[in-house]
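A short worksheet on the structure shown next.
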Amino acid sequence: MDMYKGLNQAVLDKYMELDTRGLIQLNYIWIDGTGETMRSKTRTVDWDPVNVDQLPIWNFDGSSTGQAQGSNSDTYLHPVAIFADPFRRGKHKLILCETYTYDHKPTKTNKRKTCQYVMEQAKDEKPWFGMEQEYTLLDRDGHPLGWPKHGYPGPQGPYYCSVGTGRVFGREVMEAHYRACMYAGVKISGENAEVMPAQWEFQVGPCEGIEMGDHLWVARYLLERVSEDFGIRVSLDPKPMPGDWNGAGCHCNYSTEEMRKEGGITHIYTAIEKLGKRHDYHIEMYDPRGGLDNRRRLTGRHETSSIHDFSHGVAHRGSSIRVPRQCAEDGYGYFEDRRPSSNCDPYSVTEALVRTTILNEADASSEGKAATATK
């Protein structure tokens, strides 16, 4: 049986141009029970929502998304952010939601709840984040896009930030995704082709507080939808191809207001010292399986540090924490945590950074107390 290749997008276009007579489609999107992929469904309203307080709580069948039992399957969707819909356009919206169980408790993959609590505690420090999402484009058969079907492309070197046939694969997806993010209101700030062929990166930020997780998750949703239109697949696997190929990360650039001021380098190195004392905790928070996925990527090779050791350095891409050379010369700015995996939950990553560097948490018991306070 031939693999499904999609339908004619040109035929769809004439229907998407039809007047909806003042009715608006709200596409509710959420993170499913894997903690890595997203789901969505749409409802119609006859008014144009401006803020999330106007939006109704909805529900879905959590037994089909790994978030509930079939005997008690209703799971709640709580709207938390509104974005313009680049696929339906007009006044139609994307609605990012948190998920809650039948008894109104956060589902296991609702990492936003505790992140929001932590960001509220730290708001006076004005934590800023910028995350660099690496991803790999795959053909329908799961093989990297543009790679020989029964072999490998030439070794890494010509592909990073590359231009030209034979060096670039999937630029159409990148360009379409970039525009979709801009239309939606996602704070996308850049893109580039990555070191492994068929691998790309986009950057989101700077975002303050909870906004970082919101915008990156919506950017991921848009990437999946765009790739669907092109009939190819997206992988956020942190080591999509074994062997002498780069893995995929989601590096997190981070600063507080004090770090961004003149003389802020002192605060940067104070934060790095705190991070070094909690390396294991951060590794656990930086991929959905508590470090198991990152173990394949953080080997000390291919521009990574070792998962077992904490390190830092100026302009050093083989360290856990990189201080950009410009920041070291200026004496203020930000630092980059290179440990988060490409499939990390940005809510967990940003929460961990704030807990360690601003809230000065040093052990699991203090984290437990903070988490309990949000229930």
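Every read-out reported here was derived from the displayed coordinates using simple, explicitly stated rules and does not represent laboratory data. All figures in this text were calculated on a predicted structure; none of them were measured in a lab. Neighbour counts are summed over all protein chains in view; Cβ atoms, including those assigned to glycine, are modelled from backbone coordinates with ideal geometry.
Just a few scattered comments:
- With the convex hull drawn over the C-alpha atoms of the stretch 10-109, the volume per residue is 118 Å³.
- Once the Cβ-Cβ distance of Thr42 and Gln121 is raised to the sixth power relative to R0 = 35 Å, the FRET efficiency obtained is 0.50.
- Where GluC sites (Glu not before Pro) in DSSP loops with at most 11 other Cβ within 10 Å are excluded, longest remaining stretch of the chain: 18-261
- The charge dipole of the chain, taken about its Cα centre with unit charges on the Cβ of Lys, Arg, Asp and Glu (plus for the first two, minus for the last two), comes to roughly 400 debye.
- For the residue pairs Lys5/Lys239; Lys126/Lys187; Lys91/Lys187; Lys93/Lys126, alpha carbon separations beyond 22 Å are given by Lys5/Lys239; Lys93/Lys126.
- Under the simplified labelling scheme, the Glu257-Leu7 pair shows an inter-label distance of 5.3 nm, with each label point 7 Å from Cα along Cα→Cβ.
- Annotation: lysines with alpha-carbon distance below 18 angstrom to Lys108 (same-chain offsets under eight excluded): Lys369, Lys375.
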